[in-house]
Amino acid sequence: MQNDLVDILQGEIRKNGISNLVISVSKVNVTSDLSIAKVFLSIFPTDKADEILSAIKTNTPLIKHDLSQRVKNQLRKVPNLIFYIDDSLDYIEKIDSALSRKENPVMNPELLEKRKKS
């Protein structure tokens, strides 16, 4: 399902002629009853991430239909898709930059931002 979602999203980018945009599906969590799939996206450049995520969310029914056409022989039910931005790479980058400074967050944990729960 993860590979099919990448193909669908990248195909839409190519079809619309959008350049300088990369969308990757970093993780897909599906409930055991196949009712919900949480799709975590990494979007580069990150300054357009919220705009792209809202566009993807408005097109979720079309994405689900395309996905159902691709996986109709593997899954009996296609889950509802819920999209999230995966900010783990940004979080790791902030930690690396904080560790390279002279104010070490290991000694003073208040120097790091708290990570948002999704």
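Take the Cβ-Cβ distance between Ser88 and His65 as r, set R0 to 35 Å, and report the resulting FRET efficiency rounded to the nearest 0.05.
Between Ser88 and His65 the formula returns 0.75.
Tell me, what % of the accessible area of the chain is carbon and sulfur with a 1.4 angstrom probe?
51
Scan the chain and hand back the longest stretch that contains none of the GluC sites (Glu not before Pro) lying in DSSP loops with at most 12 other Cβ atoms within 10 Å.
After excluding every exposed loop site, the longest remaining stretch is 1-102.
Using the Cα atoms of the range 3-83, I'd like the radius of gyration and the largest Cα-Cα distance, Dmax, both in angstrom.
Radius of gyration, then largest Cα-Cα span, for the range 3-83: 12.7, 38 Å.
Quick one: helix 88-100 against the long Cα principal axis of the chain, what's the angle to the nearest 10°, folded into 0 to 90?
Once rounded, one gets 10 degrees.
I'd like the antiparallel share, as a percent to the nearest 5, of DSSP beta bridges with both residues in the chain.
In the chain, DSSP labels about 55 percent of beta bridges as antiparallel.
What residues have an amide H closer than 5 Å to that of Ser26, excluding those fewer than 5 places away on the same chain, when H is modeled at 1.01 Å from N in the peptide plane?
Here the answer is Phe40, Leu41, Ser42, since their amide H atoms fall under 5 Å of that of Ser26.
Counting heavy atoms of the protein chains only and a 1.4 Å probe, report the per residue accessible area for the chain as a whole number of Å².
Per-residue value: 70 Å².
The values are calculated or read from the model by the stated rules, or taken from the named source; none is laboratory data. Predicted model only: the values in this text are computed from it and were never measured. Positions of Cβ are backbone-derived with ideal geometry, glycine not excepted, and every protein chain shown enters the neighbour counts. Calculation scope for accessible area: heavy atoms of the full protein, side chains included, ligands and nucleic acids excluded. Shrake-Rupley method; radii C 1.70, N 1.55, O 1.52, S 1.80 Å.
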